[in-house]
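> So that we are looking at the same thing, I have put the structure below in structure tokens.
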Amino acid sequence: MKEIIEKLKNKVIVSCQATPNEPFHEEKCFTAMLKTVLSGGAGGFRVAGTRDVKIVKSVSDLPVIGISKIEPLPADWKDMVYITATYDDAVKIAKAGADIIALDGTARKRPKETLSEILERIHKELNLPVMADISTIDEGLMCESLGTDIISTTLSGYTTETADKNNGEPDFELLEKLVKFTKCPIILEGRIWSPEHVSRAFELGAHCVVIGSAITRPAVITQRFVKAVKL
């Protein structure tokens with residue numbers, strides 16, 4: 001497990017995800033996106049669903065962080081667990097070839113097993129490392145105590161408790177606290193929009209960074225520029 005985590009160190013991991021209503025969701029388009037990101041020097045991938053894990057494995061031998069995700073998200077998504085919510089979800093992603101299983105590590109109510117139970121089963125039965133997506137330092141400490149292998153700031157700003165944090169910026173404060181108070185490798189993920197954000201993350205002790213929308217979501221990137229137009 002440690003070997004695959006070490007391969008992520010000081011790398012830019014690209015989250016390649018597209019919902020069914022997006023053009024990039026088409027298999028040939030998704031494959032083209034992966035190959036393009038590879039040519040730019042990506043150090044690994046984070047993808048959602050068994051199809052996309054298999055596609056990544058067909059074009060690259062880089063580490064793959066796999067998740068399952070509820071699509072479309074319901075209106076109350078900030079109050080629910082929607083990333084790899086059950087052990088059965090983790091099994092499907094593992095069988096598709098994921099090297100690391102990422103799951104919701106928040107304190108929100110889970111639909112089936114407890115977080116502790118899922119972590120234990122992934123380790124014992126799937127023999128894979130687990131990345132916990134969290135939103136607060138307390139959740140990070142909880143996940144470390146339960147035996148998670150990696151902690152990521154992924155859900156900061158995406159839960160009801162943290163919805164108003166950081167005004168669209170990465171949660172560097174949470175990153176600093178996690179680096180200081182835990183011994184797990186820490187990933188900065190969420191609202192990373194510039195090379196300067198990446199540089200700061202590594203200066204603060206991030207193991208690696210995960211970038212999604214700023215690289216792989218042209219519609220979101222376009223909207224950011226359009227909103228800047230003031231006539």
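> Tabulate in residue order the Karplus-calculated ³J(HN,Hα) for the stretch 54-65, using 6.51 cos²θ - 1.76 cosθ + 1.60 with θ = phi - 60°, rounded to whole Hz; enter x for Gly and Pro.
Along the stretch 54-65, the couplings run 5, 5, 4, 5, 7, 10, 8, 10, 6, x, 10, 8 Hz.
> Quote the FRET efficiency, to the nearest 0.05, computed for Lys230 versus Glu26 with a Förster distance R0 of 41 Å and r equal to the Cβ-Cβ distance.
The formula returns an efficiency of 0.70 here.
> Sticking with this structure for a sec: If R₀ is 30 angstrom, what is the calculated FRET efficiency for the pair Arg121 and Val59, using the beta carbon separation as r and rounding to 0.05?
0.50
> Starting at the first residue of the stretch 164-174, write each ³J(HN,Hα) from the Karplus equation 6.51 cos²θ - 1.76 cosθ + 1.60 with θ = phi - 60°, in whole Hz, x for Gly and Pro.
Along the stretch 164-174, the couplings run 9, 7, 6, 6, x, 9, x, 8, 5, 4, 5 Hz.
> Please state, to two decimals, what the Cα-based radius of gyration of the chain comes to when divided by 2.2 N^0.38 Å (N = residues).
0.96
> Oh, and also: Would you please give the residues with an amide H less than 5 Å from that of Lys11, counting only those at least 5 places away or on a separate chain, with H modeled from the backbone geometry?
Counting only residues 5 or more places away or on other chains, the set is Val209.
> Now, a different point. Please list 123-132, 45-54 highest first by mean number of surrounding beta-carbon atoms within 10 Å per residue.
45-54, 123-132
> Using the Karplus curve 6.51 cos²θ - 1.76 cosθ + 1.60 with θ = phi - 60°, what ³J(HN,Hα) values do you get for each residue of the stretch 196-212, in whole Hz, with x for Gly and Pro?
Going residue by residue, I get 5, 4, 5, 4, 5, 4, 5, 4, 8, x, 5, 5, 6, 10, 10, 10, x Hz, with x marking Gly and Pro.
> Still on this structure, I have one more. In what sequence do Thr86, Thr154 fall when counting other Cβ within 10 Å, fewest first?
Sorted ascending by nearby Cβ count, the order is Thr86, Thr154.
> Moving on to the next point. Net charge around Ala107, counting only other residues with Cβ within less than 9 Å of its Cβ (Lys, Arg = +1; Asp, Glu = -1)?
Taking every other residue near Ala107 into account, the sum is -1.
> To continue, here is another question. Counting only helical runs of four or more DSSP H residues, what would the 222 nm mean residue ellipticity of the chain come to if each run contributes -39,500 (n - 2.57) and the total is spread over all its residues?
The helix contribution divided over the chain gives -11000 deg cm²/dmol.
> A follow-up question, please. For the pairs Lys7/Lys112; Lys7/Lys95; Lys7/Lys165; Lys92/Lys124, flag any whose C-alpha to C-alpha distance is greater than 23 Å.
Lys7/Lys112; Lys7/Lys165
> Here's a follow-up. The stretch 1-75 to the stretch 114-192: how many Å between their Cα centroids?
19
> In debye, nearest 20: dipole of the chain around its Cα centre with unit charges on the Cβ of K, R (+) and D, E (-)?
560
None of the figures in this text is laboratory data; all of them are computed from the coordinates on show. Quantities reported herein were computed from a predicted structural model and do not represent experimental measurements. For neighbour counting, all protein chains shown are included, and Cβ atoms are generated from backbone atoms with ideal geometry for every residue, glycine included.
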